[in-house]
Structure formats: structure tokens, C-alpha cells
């Protein structure tokens with residue numbers, strides 16, 4: 001481990017904090033510290049026996065005809081060499097069994113769980129070997145293609161490495177070392193190593209997640225309502241992380257990832273995970289980032305609804321747009337995005353549907369009230385439309401009559417030539433001729449035509465009486 005380069009605040013040093021080759025050389029060093037003393041001890045014992053046999057005053061030879069002497073020599077050899085080895089082996093076996101029992105009790109593992117390979121690999125590791133053997137004897141591989149690939153009680157979650165992590169695009173891993181943050185790993189080469197003291201604390205899915213929830217809350221006028229929320233959320237990523245995740249001409253070392261990986265945001269999202277209370281099981285459990293994000297989303301929506309009455313939410317008004325309108329949806333989305341940004345996540349899409357009161361009786365009364373109000377509005381609008389039609393019709397008639405009379409007067413003025421006096425017979429003949437021309441022209445007008453057809457006879461009678469013809 002390069003302690004000078006590693007920093008828990010610098011994400012660029014996390015991926016290569018532990019290198020596989022370096023870890024294997026450390027395994028060789030650790031294995032040597034265990035095996036070499038044992039070999040030296042046996043060498044000392046054998047050397048002691050040789051010296052003891054040569055310096056013993058009895059000088060018992062192995063080819064002595066004394067059978068008793070040979071047996072006695074074998075007994076002394078057994079107790080001098082093999083007995084300590086057997087005792088040491090039995091002791092190690094007992095300690096190993098007790099260690100396994102303590103670990104199983106501590107982590108609440110089943111009795112048939114095989115801990116021996118894990119303990120052996122934890123103590124001795126895998127020493128560096130030549131290329132042909134290296135492919136056979138290696139760290140175990142842990143493949144993480146989905147966030148749920150690693151079961152809850154996998155040894156990497158509680159016992160730790162060493163192991164080689166194969167992390168696919170769209171997945172990130174949060175590691176702890178000594179119950180403290182170690183680093184965040186994502187897809188990329190070389191494949192990262194889970195160090196012997198590191199454990200996998202959390203596996204985060206970087207792909208967009210769709211979550212749905214049914215929520216109940218109270219409006220300002222004391223009516224309990226229920227609605228459904230469908231949100232699409234994702235782990236946020238900085239612009240720099242997005243550039244690193246896409247192969248560009250100016251970024252030769254970038255990773256060609258479909259889903260951007262921002263280790264700092266993953267660290268934030270995991271460390272902000274809180275404990276939630278399950279009302280059904282009445283137990284506390286650790287909340288995941290997506291459930292925390294949904295809590296923020298539903299909390300914002302419930303906060304808005306609690307400040308509005310049912311009518312203000314569902315009936316369109318100039319001062320209070322509908323709750324399910326695009327305007328309110330955009331306002332809520334912007335407010336939610338700000339809340340999620342602090343926690344390291346982002347909102348991609350939000351849908352709110354089926355907002356109804358919980359109590360059926362209250363809902364029925366509200367529907368009846370809305371229907372009555374709808375009928376009232378409909379009646380008012382029909383009356384206003386009819387009144388506007390009558391007003392427009394009368395206005396058109398008035399303008400038509402005015403145009404008709406103006407035309408008639410202007411024509412009479414032209415016939416009279418501007419003179420104040422005119423012969424009655426001449427005026428009568430001219431008036432009838434003029435009236436005929438005006439009526440003929442008016443019949444082609446869309447408004448005057450209908451008026452002339454209906455009022456023509458009455459107008460002629462009125463003119464006859466006035467002109468005494």
C-alpha cells in the first residue's frame with residue numbers, strides 16, 4: 001500500500017490503493033514468517049538429538065544387539081521429535097476449532113458453514129507463482145454484475161478478502177477497513193483487489209431506478225387523500241465523471257461506460273444512509289439510498305398538499321392551478337431535485353396520479369359538489385353565450401339599418417342636387433326608383449338580405465304613406 005499517495009479525500013487514489021502483485025508478495029512474506037520458524041525449530045531438534053546421541057555416556061548404538069536399548073532409543077526419539085509435533089498439531093487443531101466457533105457465534109453463522117478455507121486464505125493468502133501455476137492458484141473472483149448479485153451473508157461482506165473484484169458497468173462498491181471508510185470502487189482495469197482487512201459494505205446500482213409508492217396525507221381542510229407516485233431516480237455524477245466515462249479524442253484514458261461512475265457521489269450516497277422504522281414489523285432497519293430518495297420525494301409532495309384544500313388541488317382556478325398540472329409538477333420537480341442533489345442522487349422523471357380522498361363517503365360528497373358547481377358554471381356560460389349572441393345580432397341589425405338609411409339619404413341628396421326645394425311628383429318618382437336600387441343592392445348583403453326580405457313590404461307601405469302615393 002502506498003501510504004504517501006493514498007488519501008480518503010482523493011478518489012483518484014482509491015482504485016489502485018492495493019495492487020494484486022504487491023498483496024501476493026506480502027502473502028509470501030507472511031507465510032514465510034510462519035513456515036520458516038517451524039523449519040528452523042525442527043532443524044534444531046534434530047541437531048539436538050544428534051549431539052545428544054554422540055555425547056551420551058550410554059553411547060547406545062543403533063546396531064547394538066541389546067533389543068531393550070534399541071526400543072529405549074526409539075521411545076526417546078519419539079518423545080523428543082514426534083511428541084512435540086503431535087502436541088503442537090493437536091493444539092493448533094483445537095485453537096482452529098475454537099476460532100471457528102467464536103467466529104460462527106459472533107456472525108451468527110450456521111453450524112455447517114465451512115470457515116477453514118477462509119481462515120487459511122486470510123492467514124496465508126496466495127503466494128506469487130510462475131505463470132502456468134498462477135492461473136490455477138489465485139485469489140477467488142467475486143463477480144458483481146447486478147447490485148443484488150452478492151447475497152447478504154456472503155463472506156466478503158463480513159469476513160473480508162483477499163479476493164479479486166470483477167465489477168461490471170453500472171455497479172459501484174463501497175468498502176470499509178476496520179469499520180471505517182476505505183474506498184469506493186467501480187468498473188475499470190486493472191481489476192481491483194479486496195484487501196484481506198477490507199469488507200464490502202454496500203453495492204450501489206448506478207443505473208436509473210424506477211420506484212413507486214402509495215402515499216396518504218391530509219389536506220389543509222382536514223381531508224385525508226391518497227395518491228400514487230412514480231419516480232425515476234439515479235445516482236448523480238459530476239461533469240468531470242461523465243467525461244471520464246466516455247471515450248473522447250481528448251480523453252484517451254477515459255472508460256467507455258454507459259452509466260457514469262462518480263466515486264465521490266457514491267461515497268456521499270452511502271454515508272448519508274439513515275435508519276428507518278418499519279411500521280409493519282415494528283423494527284429498525286438500514287435505509288437504502290433509493291428509499292431515502294423516495295422519502296424526500298414523498299415528503300416534498302406531502303408538504304405541498306398539506307398547504308392546499310381539496311378544491312385548490314383538483315379544481316382549476318386562476319389563483320390555484322391544478323395539482324396534477326404541468327406547472328405544479330415542474331415546481332415540485334425543481335424543489336425535489338434540490339433536495340436530492342444534497343444527498344448525491346438526482347430525479348429524472350416524476351409522475352403523480354390517482355389523487356383521491358380516502359373516505360368513500362367524503363369522496364362521493366365532493367363529487368356531488370363538483371357536479372353541482374359544474375352545472376352552475378355550465379348554466380352561467382350558456383347564458384353568457386346566448387346573451388352575447390343576442391347582443392351581437394342586435395348590433396348587426398342596428399348597423400345594417402343605419403347603413404341602409406345612410407345609403408338612402410346620400411342617394412336622395414345626390415338626386416336633389418343639393419337644392420332645398422323639390423317638386424313632389426319628381427321626388428316621388430325618384431324615391432321609388434332609388435328605393436328599388438337600394439333594395440336590389442341590399443339583397444346581395446348577407447345581413448341586409450335577410451332583413452330586407454322580412455321587412456321589405458313593411459318598409460314599402462311606410463314609404464307610400466309618407467309620400468302619399
field: Selection within segment 340-368 - surrounded by 15 or more Cβ atoms within 10 Å (Cβ to Cβ), within 17 Å of residue 292 (Cα to Cα) and in contact with a strand residue (DSSP E or B) (Cβ under 9 Å, 6 or more places away or on another chain)
entry: 340, 344, 345, 346, 347, 350
- request: Scan segment 28-52 and report the pairs whose first residue is more than 23 Å from residue 162 (Cβ to Cβ) and whose second residue is at pLDDT below 75, with Cβ atoms within less than 7 Å and a gap of 6+ or a chain change.
  value: 45/80; 45/81; 49/77; 49/80; 49/81
- prompt: So which residues in segment 143-155 are touching a strand residue (DSSP E or B) at 6+ places or on another chain (Cβ under 7 Å) and surrounded by 20 or more Cβ atoms within 10 Å (Cβ to Cβ)?
  reply: 144
- prompt: Looking at (1) farther than 25 Å from residue 263 by Cα; (2) within 30 Å of the chain's Cα centre (by Cα); (3) exposed (fewer than 13 other Cβ atoms within 10 Å of the Cβ), which is the one condition that is false for residue 213?
  reply: (3)
field: Residue check, residue 136 surrounded by fewer than 18 Cβ atoms within 10 Å (Cβ to Cβ), within 30 Å of residue 32 (Cα to Cα) and modelled with pLDDT of 90 or more
entry: no
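Would you pick out the residues in segment 234-249 that are part of a loop (DSSP other than H, G, I, E, B) and in contact with a strand residue (DSSP E or B) (Cβ under 7 Å, 6 or more places away or on another chain)? Show your work before the answer.
The first filter runs over segment 234-249 and keeps only residues part of a loop (DSSP other than H, G, I, E, B), leaving 236-238, 245-247, 249.
The one that is part of a loop (DSSP other than H, G, I, E, B) and in contact with a strand residue (DSSP E or B) (Cβ under 7 Å, 6 or more places away or on another chain): 236.
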query: Does any residue in segment 79-93 that is farther than 11 Å from residue 42 by Cβ come within less than 9 Å, Cβ to Cβ, of a residue that is modelled with pLDDT under 75 and assigned to a helix (DSSP H, G or I) six or more places away or on a different chain, and which pairs are these?
result: 80/45; 80/48; 80/49; 80/52
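Among residues belonging to segment 201-212 that are part of a strand (DSSP E or B) and in contact (Cβ under 8 Å) with a residue 60 or more places away in the chain, point out the one that is farthest from residue 269 (Cα to Cα). Steps first, please.
Kept after step one, since they are part of a strand (DSSP E or B), are these residues of segment 201-212: 201-205, 209-212.
When the remaining residues are screened for being in contact (Cβ under 8 Å) with a residue 60 or more places away in the chain, the result is 201-202, 204, 209, 211.
Values: 201: 13, 202: 10, 204: 9, 209: 14, 211: 17 Å.
The qualifying residue farthest from residue 269 (Cα to Cα) is 211.
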query: Among the residues of segment 216-226 satisfying the criterion of being outside any strand (DSSP E or B) and in contact (Cβ under 8 Å) with a residue 60 or more places away in the chain, which is nearest to residue 123 (Cα to Cα)?
result: 219
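When you scan segment 282-296, do you find a residue that is modelled with pLDDT under 80 and over 30 Å from residue 267 (Cβ atoms), even just one?
We begin by selecting, within segment 282-296, every residue modelled with pLDDT under 80; these are 282-287.
Subsequent filtering for residues that are over 30 Å from residue 267 (Cβ atoms) retains 282.
There is at least one residue in segment 282-296 that is modelled with pLDDT under 80 and over 30 Å from residue 267 (Cβ atoms).
For (1) assigned by TED's automatic domain parsing to the domain that holds residue 138; (2) farther than 30 Å from residue 362 by Cα; (3) in a strand (DSSP E or B), each residue gets a yes or a no:
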site: 175; (1), (2), (3): yes, yes, yes
site: 179; (1), (2), (3): yes, yes, no
site: 182; (1), (2), (3): yes, yes, yes
site: 188; (1), (2), (3): yes, yes, no
site: 199; (1), (2), (3): yes, yes, yes
site: 214; (1), (2), (3): no, no, yes
site: 228; (1), (2), (3): no, no, yes
site: 232; (1), (2), (3): no, yes, yes
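The values are calculated or read from the model by the stated rules, or taken from the named source; none is laboratory data. No experiment lies behind these values; they were computed from the predicted model shown. Glycine also receives a Cβ, built like all others from the backbone with ideal geometry; neighbour counts cover every protein chain displayed.
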